[in-house]
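See below for the structure under consideration.
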Amino acid sequence: MELWQAVVLAIVEGFTEYLPISSTGHIIIASSLLGINEASFTKDYTVMVQFGAILSVLVLYWRRFLAPFQADSARRGSGLRFYLKLIVAFFPAAALGLLLKDRIDALLGNVTVVAVALIVGGVVLLFAEKWLTRPQPREDIDEVPYSQAALIGLIQCLAFVPGVSRSAATILGGLSQRLSMKAAAEFSFFLAVPTLTGASFLKLLKLAGTIEPAQLQVLLVGNAVSFIVGLLTIRGFIGYLSRGGFRWFGWYRITVGLLILVLAAAGVNLSVL
């Protein structure tokens, strides 16, 4: 993998990780277009470059993550409950991820699976607000019971299918539990921290001691890029949700998915475009 290719994939990761359009799906498409989707390091890189995206959430919401260490007992208690809810919501993905790891890895790189998932998810997003918007929604995840946090985490597991989008699944899961649009998006950001950290850390352990100096440089640059792009994307996404909702994300997903299927039906090899 060349450094410029790593930067392109890092930009894709940082921009798509927190949007409901599937970061995994877009990285599969991007790596196929770059002709590096079959390289073993590419698959490892696309997981470990998530560290930068994780850091963007920690920087933007540092007060929330440091709440358990506050001197004020009320804030400390709220912060501890916040972490417990993240653990409860993270558990389904952790358990199923370990059980289905080989099957999930087999799907990575399958552009057709991505296309179909993008289209189906796009249709869901077009109608999501009408189906899931509730009167007097909860404006803070502190109001979410542990049982509902676990349900949101279970819904997140749909994102094991490339193209579904972890962000879309968790945001829609949050809306289904009467969270407001903003609160559902923020819970999705928070839940990304343990989910992506777990996947990235396992991949890092697997590669420990085998990473070459050139690959380490690629990883450092890629994570710096995904951090900056992720930071800007989160800020923009929160502002957009209050005005635009999911409609254009739905149409975008459908358009990209159909384009991939048309190209595949025409016999176009995406890896050599």
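The values are calculated or read from the model by the stated rules, or taken from the named source; none is laboratory data. Predicted model only: the values in this text are computed from it and were never measured. So basically every Cβ, Gly included, is an ideal-geometry build from the backbone, and we count neighbours across all protein chains shown.
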Fill in the blank from the handout: Log entry, pairs with first residue in segment 117-141 being over 19 Å from Gly257 (Cα atoms) and surrounded by fewer than 14 Cβ atoms within 10 Å (Cβ to Cβ), second being small (Gly, Ala, Ser) and modelled with pLDDT under 75, beta carbons closer than 6 Å, six or more apart or on different chains, reads none
Problem - Scope segment 197-219; condition more than 17 Å from Lys85 (Cβ to Cβ), surrounded by 13 or more Cβ atoms within 10 Å (Cβ to Cβ) and of a type outside the set (S, T, N, Q); matching residues - result: Ala199, Phe201, Leu202, Lys203, Leu204, Leu207, Ile211, Val218, Leu219
Completion exercise
Among (1) surrounded by fewer than 14 Cβ atoms within 10 Å (Cβ to Cβ); (2) part of a helix (DSSP H, G or I), Phe249 falls short only on (1)
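Go through segment 32-61 and give me each residue that's free of Cβ contacts under 8 Å to residues at least 60 places away in the same chain and under 19 Å from the mean Cα position of the chain (by Cα).
So the first thing to find is which residues in segment 32-61 are free of Cβ contacts under 8 Å to residues at least 60 places away in the same chain, and the list is 34, 36, 39-40, 42, 46.
Across segment 32-61, the qualifying residues are Thr42, Thr46.
Working carefully through the options Phe91, Phe41, Phe51, find the one that is of a type in the set (Phe, Trp, Tyr), more than 24 Å from Leu232 (Cα to Cα) and modelled with pLDDT of 90 or more. Talk me through it step by step, then tell me what you get.
Numbers: Phe41 fails: modelled with pLDDT of 90 or more; Phe51 fails: more than 24 Å from Leu232 (Cα to Cα).
None of the other options fit; the residue is Phe91.
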Exercise for the section: Using the structure shown, decide if Val164 is touching a Leu at 6+ places or on another chain (Cβ under 6 Å) and of a type in the set (Val, Ile, Thr). Expected result: yes
Exercise for the section: Have a look at Gly97, Gly109 and point out the one that is out of contact with any Leu (no Cβ under 8 Å at 6 or more places or on another chain), closer than 19 Å to Val161 by Cβ, outside any helix (DSSP H, G or I) and modelled with pLDDT under 85. Expected result: Gly109
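Okay, residues lined up against (1) more than 27 Å from Ala117 (Cα to Cα); (2) in contact with a Phe, Trp or Tyr (Cβ under 7 Å, 6 or more places away or on another chain); (3) hydroxyl-bearing (Ser, Thr, Tyr):
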{"position": "Ala149", "(1), (2), (3)": "no, no, no"}
{"position": "Ala169", "(1), (2), (3)": "no, no, no"}
{"position": "Gly174", "(1), (2), (3)": "no, yes, no"}
{"position": "Phe189", "(1), (2), (3)": "no, yes, no"}
{"position": "Pro194", "(1), (2), (3)": "no, yes, no"}
{"position": "Gly209", "(1), (2), (3)": "yes, no, no"}
{"position": "Glu212", "(1), (2), (3)": "yes, no, no"}
{"position": "Ala224", "(1), (2), (3)": "yes, no, no"}
{"position": "Phe237", "(1), (2), (3)": "no, yes, no"}
Practice task
Scan segment 22-52 residue by residue and report those that are under 18 Å from Thr195 (Cβ atoms) and in contact with a Pro (Cβ under 8 Å, 6 or more places away or on another chain).
Solution key: Ser22, Thr24, Gly25
